[in-house]
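Take a look at this one; I'll ask things after.
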Amino acid sequence: MTGNLPPNRADEADLALEIRRAQEGDREAFARLYRRYSPRVYALCLRLSGRVASAEEATQEVFIRLWQKLPQFRFDAQFTTWLHRLTLNHALNYLKGQPQLAPLSEPELQRQGEVMEELQLVDRLLPRLPERARQVFVLHAIEGYHHHEVARLLQIQPGTSKAQYHRARQLLQEMLI
């Protein structure tokens, strides 16, 4: 099928075929997409929520939404870009509907650290940040959004985004001392 194409082109062709099959209702093709992309979706949800249970639930909700929206994907953009945007929008909307939670207790932090042991030190400290500061930090520092984009996504002012980012950095530095 893709034997004569260079590796990157072959991967792209295989992915496009998998997406088309899933768009046509092929559950096995969708399951393969899930296996391939769920770790990435989960990692973003975990960084945004700071809670394992919330990240797991948000990840499942994202893939339900993906199943519903996949027929609308038209290959105008990279699938990963489209999925990232879908994840980001859905995870933020999901988290808006969640009750404000107190900072993690010490036992919860230990459990969180076990789940995120493959992530860098900053990733293990993110759950200790206040929710808004954490969201701004993830979007700006990790995901690479500019402050005006973060502001639009979170429905805040750009100055608030900058202030929350600096607050998150300061808190992370204090945690590292």
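The values are calculated or read from the model by the stated rules, or taken from the named source; none is laboratory data. Model, not experiment: these values are computed from the prediction. Ideal geometry is used to build each Cβ from the backbone, glycine not excepted, and the neighbour counts take in all protein chains shown.
Considering only the stretch 73-92, state which residues are under 18 Å from Y145 (Cβ atoms), in a helix (DSSP H, G or I) and of a type outside the set (V, I, T).
W82, L83, H84, R85, L86, L88, N89, H90, A91, L92
Related question: Looking at this structure, is T59 within 21 Å of A133 (Cβ to Cβ), part of a helix (DSSP H, G or I), at pLDDT 90 or above and among the polar types (S, T, N, Q)?
For T59, the condition - within 21 Å of A133 (Cβ to Cβ), part of a helix (DSSP H, G or I), at pLDDT 90 or above and among the polar types (S, T, N, Q) - is not met.
If the requirement is being more than 18 Å from V150 (Cβ to Cβ) and either among the aromatic types (F, W, Y) or at pLDDT below 90 (or both), which of these qualifies: L44, L70, L48, L101?
L101
Search the stretch 53-80 for residues being of a type in the set (A, V, I, L, M) and surrounded by fewer than 18 Cβ atoms within 10 Å (Cβ to Cβ), and hand back the single one that is nearest to A16 (Cα to Cα).
A77
Has the stretch 133-149 got any residue that is in contact with a His (Cβ under 7 Å, 6 or more places away or on another chain), at pLDDT 75 or above and outside the structural domain of E61 (by TED's automatic domain parsing)?
Yes, some residue in the stretch 133-149 is in contact with a His (Cβ under 7 Å, 6 or more places away or on another chain), at pLDDT 75 or above and outside the structural domain of E61 (by TED's automatic domain parsing).
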